[in-house]
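Beneath this line is the structure, given in structure tokens, with notes to follow.
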Amino acid sequence: MPDRGGGPSGPRIRVGRPSRRARTLLMTLGVLAVLAMAFVMFAGFWTDWLWYRSVQYSSVFTTTLWTKIGLFAVFGLLMGLAVGFNIWLAHRLRPPLSAMSLEQQSLDRYRMGIAPFKKWVLLAITALVGLIAGASASGQWRTWLMWVNGVSFGQKDPQFDLDVSFYAFDLPWYRFLLAFGFAATVLSLIAAALTHYLYGGLRITSPGARATAAATGHLSVLLGVFVSLKAVAYWLDRYGLAVKSSDFKATGNWTGLRYVDANAYLPAKTILFCIAVICAVLFFATLWRRTWQLPVIGFGLMVLSAILIGGLYPAIVQKFQVQPNEQAKEAPYIKKNIDATRKAYAIDSTTPENYSGKSTVKAKDKLRADADTAASYRLIDPNIVSPTFQQLEQKRKYYQFPTTLDVDRYKGQDTVVGLRELNIRGIPKRNWINDHFTYTHGYGAIMAAGTATDANGSPVFTEAGLPTTGQLPEYQQKIYYGEKTDQYSIVGGPQKELDYEDNGEKTTSYQGKSGVNLSNTFNRAAYAVAFSEPQILYSGAIGDGSRILYNRTPKERVEAVAPWLTIDGDAYPAVVDGKIQWIVDAYTTTNGYPYASRTTLGETTADALTVGNQQRAVVAQQNQVNYIRNSVKATVDAYDGTVKLYQWDTKDPVLKTWMKAFPGTVEKREAIKPSLLQHLRYPQDMFKVQRELLTRYHVKDPAQFYSGSDAWQVPDDPTNKDGNAVPPYYLSMKMPGDKAQKFSLTTTFTPNGRPNLGGFMAVDADATSKEYGRIRLLRVTSEVPGPEQVQNKLNGLPSVAQFVRDMKGADSDIQYGNLLTVPLDGGFLYVEPVYAQGRNAHYPLLKKVAVSYVDADQPNGDTTKDTTVFEDTLAKALNAVFGVEGATPPTTPPGTNPPPPPATNDAALKQAIADAQKAYEDAQAALAKPDWTAYGKAQQDLEAALQKAADASAKLQSDQKAGTKPGAGGATPTPKPSTSPSG
């Protein structure tokens, strides 16, 4: 038989060892796998660096990176050395192993197993704890930068007479160091104790001494360090009382010292500090005494003192000294809290002005004339008319407008503004090329007069069309960066982009300098990994000149270049110097302002508009703060994405600190051009925070503050059934004593638990005004109906009930617009637009205007006198309220799209039907060619004609129900008997 083992008669087969080629292949694959993993980890870092460099804020990236690396290295090394040194020392202090006990014999196999790898085990433990500690410390980069760059506030706290910067910048860093010290000591103590036990320094079951002298000394020193750190903690806790939060029934959320803190906790912390120092000395003394008797006694005394002095004694003081006379005892501390809170939230110069609520003018014609100039009543509600903008100016399905539009000023008039942004979900055919190469940008800013509508109730557009035309000079209309633009685009390369369609498709290629260059393969590979999109690496649509645009929302870009800022929830666009600029308000905050009450930004800034609307909500802001300033105004260019930060509050010490940490990132206030300045406004989120604080902190007297007798609340939005707070409104108006209207941000207050009007607040929101930021607060001293009461009375009017029935009969929905409140000659004027939207209509139209003038004058003991009317136009409503005709401008201002000549309702219906028939025939003809542009225009004409037909039909039915002769075209309805309550 042949020798199968490989003898002379047959080949020898080797089993179990791979060939050299296989080993080489395996090694190569292993190296490639490691390199691939390294590249995946590196890709995120590299793409971040490229992005920061593209927006010219690379210093932010490098400063943050090196700070994190430095903290990681220093604290990781310290932690590793502390734990490693104590393990090494415990091993060095091990006793000789002779006559081992059974306990030690059982541990011997562990010692034997570790012995060959002692150095590697020590290095592994040191590296592990070092990595964990370093990673934790790197997250404290903000705390470090604020500590090392902190500037003085120039204000001292009333308890310890220390500058506020100590609490805002220094104390957080000291607390971090203390926490790190505790962690290092505890880990070192555990590691040393385990090592001593493993090598016989500590014994649990063996007879004789439980610990060697060396182990006793080592562990006592570590315990002494721990108790020393506890003494430092007691000392820092004294200062921490100034920024401590607690629940105080008189005020709810409370920050700072109260009577029991100043008279019980503060001395208790001092006593405990002294006891901890003595206890630490006793632990250190074991190095000489070699006994734990005194340290244990001292430690027990410290624990007992903490219970009695730190817990029981303050409770006794609170129970027997404070509670019997709490108002008098707490008064000085309430005063400190009031003063600090008002200063921290920039409301310290706001003093309530008494406002009677009683009309100071009796002549109706004078009241009517004053009503014309009291405000520019904004009938176009930016929270309702977005569907109208969408329907009339969307033009293509792949465009969209924000859910809530913005209010700005153009040529001295309040203007509602919305950008026609890209809607990626509306692209006719979705694929990777279309989503990221072809459809890349929106087009144009659409604007409408805030105070006028056309004859149909639609907005009067002052800038419209595609491309847009109107009152603005020529500007760059392409929108590559916007609130709705949340996907990346690759532009500027071989693939052409769709610019817009207007009687034919027009293409473009991005000429801006924004984005990151994808011309080289390495960058493409990095982005393919970072975005998990391999086509970026090999697609032929990417070539010379290709650039990738991402982080495209204004909020994302400002947050990235200034991660130390808190961003307002509502970025808004403005056309400035031929460019569309997004304006973003940003805040500097801290929660370390002594005695100032804290607030949660996310909760405070929520209202009827932000709930469910993430576009405007302040996201990721559930953190509590007790100091806030609108210190930075930022702009983001809608075409090239350029981000600029401007210093707005030149006195804010927090901003000065960050400007020291990141030099060159924030431009001086003087760099703001006048053309940009006229579009800057007071931010909504800042206003909401201030109004929430002013519900309580408009009271300066501690006794009245404690009683809560004059506490207010922000009323619920009466036009919204969800029970959310009424939003503030931008409005050009006159406050009492003003000679001219000012662009303002306004809100109302009601007394706690009451529906009547308690206060009215307005801030000068025009950045060009010398009084910008001045808050005026009116305290209503008489019983005046509040927003909810006015809304209820409006809903109860017979004319409203009839209107609602008619609209419901025509299958239309009713939408109530912003209920504007304006002080007028001692009383208040409420103005509310009312919209209707038919079942077949895609957008609401302004149909009615409700006006109510409330006056608390009660000369004959009558109930509160007020007049509420419901009319077709604002002019008619004001005339009806005051009983005289005024000079209110017509609904449609001169020079804008005028209303068509009056037509009878049945004639209008016939004309609409004829228009619909013609539009349908045009559509069929275009479809036969096919001519898709003509077909789209015909479809729009058809939709408009059907809407006119529906409106005319509804009006005709309304006339017939009211007894009007068909075709009378606005004749007075014949009254019909009614048994309904509203009849």
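The values are calculated or read from the model by the stated rules, or taken from the named source; none is laboratory data. A quick note: this is a predicted structure, and the numbers were derived from the prediction, not measured. Neighbour counts run over all protein chains shown; Cβ positions are idealised from the backbone, glycine included.
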Residues of region 677-689 being part of a helix (DSSP H, G or I) and surrounded by 21 or more Cβ atoms within 10 Å (Cβ to Cβ), which ones?
GLN684, ASP685, MET686, PHE687, LYS688, VAL689
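Would you check if LEU694 is in a strand (DSSP E or B) and not small (Gly, Ala, Ser)? So that I can check it myself, show each step before the final result.
Values: in a strand (DSSP E or B): no; not small (Gly, Ala, Ser): yes.
No.
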In region 674-733, anything among the hydroxyl-bearing types (Ser, Thr, Tyr) and touching a strand residue (DSSP E or B) at 6+ places or on another chain (Cβ under 8 Å) is listed as SER675, TYR682, THR695, THR719, TYR729, TYR730, SER732
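Results for (1) out of contact with any helix residue (DSSP H, G or I) (no Cβ under 9 Å at 6 or more places or on another chain); (2) part of a strand (DSSP E or B); (3) closer than 30 Å to TYR697 by Cα, shown as yes or no for each residue.
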{"site": "LEU223", "(1), (2), (3)": "no, no, no"}
{"site": "VAL232", "(1), (2), (3)": "no, no, no"}
{"site": "TYR239", "(1), (2), (3)": "no, no, yes"}
{"site": "ALA242", "(1), (2), (3)": "no, no, yes"}
{"site": "ASP247", "(1), (2), (3)": "yes, yes, yes"}
{"site": "LEU266", "(1), (2), (3)": "no, no, yes"}
{"site": "ILE278", "(1), (2), (3)": "no, no, no"}
Find the residue count for region 494-509, including only residues that are touching a residue at least 40 places away in the same chain (Cβ under 8 Å) and either touching an Asp or Glu at 6+ places or on another chain (Cβ under 7 Å) or aromatic (Phe, Trp, Tyr) (or both).
2
Kindly provide the set of residues from region 518-538 that are of a type in the set (S, T, N, Q), closer than 17 Å to MET41 by Cα and touching a residue at least 24 places away in the same chain (Cβ under 8 Å), ordered by number.
ASN523
State all residues of region 404-417 that are touching a residue at least 60 places away in the same chain (Cβ under 8 Å) and either part of a helix (DSSP H, G or I) or surrounded by 19 or more Cβ atoms within 10 Å (Cβ to Cβ) (or both); if no residue qualifies, say none.
THR404, ASP406, VAL407, ASP408, ARG409, TYR410, ASP414, VAL417
Conditions (1) at pLDDT 75 or above; (2) surrounded by fewer than 10 Cβ atoms within 10 Å (Cβ to Cβ); (3) part of a loop (DSSP other than H, G, I, E, B); (4) not hydrophobic (A, V, I, L, M, F, W, C); number of the one not met by ARG21:
(3)
Of all residues in region 784-830 being of a type in the set (Val, Ile, Thr) and closer than 14 Å to TYR853 by Cβ, which is surrounded by the most Cβ atoms within 10 Å (Cβ to Cβ)?
THR821
Test PRO573 against the criterion of being touching a Leu at 6+ places or on another chain (Cβ under 7 Å), of a type outside the set (Ser, Thr, Tyr) and under 30 Å from LEU655 (Cα atoms), and give yes or no.
yes
List, please: which pairs have Cβ atoms under 7 Å, are six or more places apart or on different chains, and start with a residue in region 172-189 that is closer than 13 Å to ALA137 by Cβ and end with one that is among the polar types (S, T, N, Q) and assigned to a helix (DSSP H, G or I)?
TRP173/THR143; PHE176/THR143
Counting residues that are under 29 Å from GLY154 (Cβ atoms) and in contact (Cβ under 8 Å) with a residue 40 or more places away in the chain, which strands (runs of 3 or more DSSP E) fully inside region 539-605 reach at least 1?
579-590
Near pairs, Cβ below 9 angstrom, 6+ apart or cross-chain, from region 715-743 (at positive phi) to any residue that is of a type in the set (A, V, I, L, M, F, W, C):
GLY723/ALA608
Evaluate the following for GLY515: is it crowded, with 20+ Cβ neighbours inside 10 Å, in contact (Cβ under 8 Å) with a residue 40 or more places away in the chain and either under 30 Å from PHE743 (Cβ atoms) or not polar (S, T, N, Q) (or both)?
yes
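Say whether the condition of being without any contact (Cβ under 8 Å) to a residue 12 or more places away in the chain and out of contact with any Leu (no Cβ under 8 Å at 6 or more places or on another chain) is met by at least one residue in region 660-671. Show your work before the answer.
Taking region 660-671 and keeping what is without any contact (Cβ under 8 Å) to a residue 12 or more places away in the chain, we get 670.
Imposing the further condition that a residue be out of contact with any Leu (no Cβ under 8 Å at 6 or more places or on another chain) reduces the set to 670.
Yes: region 660-671 contains one or more residues that are without any contact (Cβ under 8 Å) to a residue 12 or more places away in the chain and out of contact with any Leu (no Cβ under 8 Å at 6 or more places or on another chain).
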May I ask you to say which residue of PRO467, PRO473, PRO459 is free of Cβ contacts under 8 Å to residues at least 40 places away in the same chain and over 26 Å from ALA528 (Cβ atoms)?
PRO467
Being under 16 Å from SER489 (Cβ atoms) and surrounded by fewer than 22 Cβ atoms within 10 Å (Cβ to Cβ) is the requirement here; does THR521 meet it?
no
